[in-house]
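A.B. asks: Sending over a structure as structure tokens; questions will come in a sec.
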Amino acid sequence: QVQLVESGGGLVQAGGSLRLSCAASARTFSSYAMGWFRQAPGKEREFVAAISWSGGSTYYADSVKGRFTISRDNAKNTVYLQMNSLKPEDTAVYYCAARGGPKATVGDLYDYWGQGTQVTVSS
């Protein structure tokens with residue numbers, strides 16, 4: 001069982017930055033691929049970014065490419081999402097997820113999910 005706890009969300013003006021963190025309880029955190037997803041009110045959950053177990057491979061949704069950066073620190077059992085040049089359309093609840101397999105863009109392939117952290121970008 002893996003417990004995930006997100007933090008770092010908040011209210012920011014358009015053009016600003018936030019850094020989300022996701023702390024994992026698993027002793028074998030380094031064996032999990034990690035992903036970030038988001039869900040805006042009235043919309044379906046969407047993929048944001050994913051990172052391999054080693055951190056050597058990453059993948060981004062087109063909507064955040066060049067603005068967001070996913071990274072991980074296996075020694076701290078933590079994955080991060082650095083979000084720059086934020087836009088109002090980035091407003092959503094952001095979730096981290098863990099998968100005992102290769103990184104993936106489909107949420108249903110992930111085994112464990114956090115509770116989410118709210119990000120609100122004002123115009």
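The values are calculated or read from the model by the stated rules, or taken from the named source; none is laboratory data. Since the structure is predicted, the reported quantities are computational estimates derived from the model, not experimental observations. Counting neighbours? That spans all protein chains shown, and the Cβs are built from the backbone with ideal geometry, glycine included. Only protein heavy atoms, including side chains, enter the accessible area calculation; ligands, DNA and RNA are left aside. Shrake-Rupley method; radii C 1.70, N 1.55, O 1.52, S 1.80 Å.
A.B. asks: Taking the stretch 93-123, which residues are more than 16 Å from Leu11 (Cβ to Cβ) and open to solvent by less than 20 Å² (accessible area, probe 1.4 Å)?
C.D. replies: Cys96, Ala97, Ala98, Ala104, Gly107, Tyr110, Gly114
A.B. asks: Residue under question is Gly101, and the condition is that it be without any contact (Cβ under 8 Å) to a residue 12 or more places away in the chain and either closer than 22 Å to Ser123 by Cα or of a type in the set (Gly, Ala, Ser) (or both); does it hold?
C.D. replies: Against the criterion (without any contact (Cβ under 8 Å) to a residue 12 or more places away in the chain and either closer than 22 Å to Ser123 by Cα or of a type in the set (Gly, Ala, Ser) (or both)), Gly101 does not qualify.
A.B. asks: Right, something else. Determine whether the stretch 25-40 contains at least one residue that is open to solvent by 60 Å² or more (accessible area, probe 1.4 Å), of a type in the set (S, T, N, Q) and within 15 Å of the chain's Cα centre (by Cα).
C.D. replies: Checked the stretch 25-40: at least one residue is open to solvent by 60 Å² or more (accessible area, probe 1.4 Å), of a type in the set (S, T, N, Q) and within 15 Å of the chain's Cα centre (by Cα).
A.B. asks: For the stretch 104-116, check the following and say yes or no: at least one residue is more than 11 Å from the chain's Cα centre (by Cα), over 18 Å from Ala33 (Cβ atoms), part of a loop (DSSP other than H, G, I, E, B) and of a type in the set (S, T, N, Q).
C.D. replies: Yes: the stretch 104-116 contains one or more residues that are more than 11 Å from the chain's Cα centre (by Cα), over 18 Å from Ala33 (Cβ atoms), part of a loop (DSSP other than H, G, I, E, B) and of a type in the set (S, T, N, Q).
A.B. asks: Which ones in the stretch 77-92 are within 12 Å of the chain's Cα centre (by Cα), open to solvent by 30 Å² or more (accessible area, probe 1.4 Å) and without any contact (Cβ under 8 Å) to a residue 60 or more places away in the chain?
C.D. replies: none
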